[in-house]
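Everything below concerns the one structure shown next.
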Amino acid sequence: MFYASAMVHAQSISRGKQIVESRCFACHSLDSNRVGPALRGVVGRAAGKADGFEYSAALAAATNTWDLERIKNWLTNPELLVPGQRMNYQLDLKEDRDDVVAYLANLDSTKEN
Ligand code: HEC
């Protein structure tokens, strides 16, 4: 059913927003580099390449682009994906990772919040 799945998707995005704000914003924001790089536009961005952010040598040397699956893997265990990284934070629940990625993928590309 189209309506049912669209509703589930909207719930996932709004739950993802809450998780990002309560957990990721300890270090990140959408539009500024803080302890971690700005997150707006990270889906589809080359890893380790946010303008003006000083990455670990390990992430700076990464050559991949962040797609949805790779961000989920990063959030599952960043050190397993990129040994030597320095995020050292993970989301243990698959549901949380799925919702966070749904939110990040649906962010407006323009700065506004
Ligand atoms: C304790 C601080 C901290 C928390 C909490 C944190 N991060 Fe990070 N994050 C970082 C740092 C630092 C880096 C850069 C790591 C490096 O250079 O190795 C990073 C990098 C990233 C990257 C790679 C970006 C790029 O430009 O290559 C993504 C994606 C990311 N974080 C997503 C998240 C999400 C989503 C959350 C919340 C679930 C989160 N982070 C929570 C500190 C944090």
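The values are calculated or read from the model by the stated rules, or taken from the named source; none is laboratory data. Fair warning: this is a prediction, and the values are worked out from it, not measured in the lab. A quick note on method: Cβ atoms are made from the backbone with ideal geometry, for glycine too, and the neighbour counts reach across all protein chains shown. What goes into the accessible areas is simple: the full protein's heavy atoms, side chains included, and nothing from ligands, DNA or RNA. Shrake-Rupley method; radii C 1.70, N 1.55, O 1.52, S 1.80 Å.
For the range 44-59, a residue qualifies if it is open to solvent by 40 Å² or more (accessible area, probe 1.4 Å), under 23 Å from SER29 (Cβ atoms), over 15 Å from the mean Cα position of the chain (by Cα) and of a type in the set (Gly, Ala, Ser), and exactly one does: GLY52. A Cβ distance below 9 Å, combined with a sequence gap of six or more or placement on separate chains, defines the contacts here; from the range 10-39, residues that are farther than 25 Å from SER56 by Cα reach residues that are open to solvent by 60 Å² or more (accessible area, probe 1.4 Å) in the pairs SER12/GLU95; ILE13/ASN106; ARG15/GLU95; GLY16/ASN106. What about ASN88, is it of a type outside the set (A, V, I, L, M, F, W, C) and in contact with a Gly (Cβ under 9 Å, 6 or more places away or on another chain)? No: the conditions fail for ASN88. I want to confirm something. Restricting to the range 1-29 and keeping residues that are assigned to a helix (DSSP H, G or I) and of a type in the set (D, E, K, R), which single residue is farthest from VAL101 (Cα to Cα)? The extreme case among them is GLU21. With a requirement of 1 or more residues that are at pLDDT 95 or above, open to solvent by 70 Å² or more (accessible area, probe 1.4 Å) and near the ligand (Cβ under 8 Å from one of its atoms), none of the helices (runs of 4 or more DSSP H) lying completely within the range 60-113 satisfies it. Filtered by the rule that a residue be charged (D, E, K, R) and out of contact with any helix residue (DSSP H, G or I) (no Cβ under 7 Å at 6 or more places or on another chain), the range 81-113 gives ARG86, ASP92, LYS94, GLU95, ASP108, LYS111, GLU112. Scanning the range 28-38 for residues that are surrounded by 13 or more Cβ atoms within 10 Å (Cβ to Cβ) and either within 6 Å of the ligand (Cβ to nearest atom) or over 21 Å from THR110 (Cβ atoms) (or both) yields a count of 3. Does the range 70-90 contain any residue that is under 14 Å from the mean Cα position of the chain (by Cα) and of a type in the set (Ser, Thr, Tyr)? Yes, because at least one residue in the range 70-90 is under 14 Å from the mean Cα position of the chain (by Cα) and of a type in the set (Ser, Thr, Tyr). Name every residue in the range 45-59 that is part of a loop (DSSP other than H, G, I, E, B) and within 8 Å of the ligand (Cβ to nearest atom), in order of residue number. ARG45, ALA47, GLY48, LYS49, ALA50, PHE53, GLU54, TYR55, SER56, listed by residue number.
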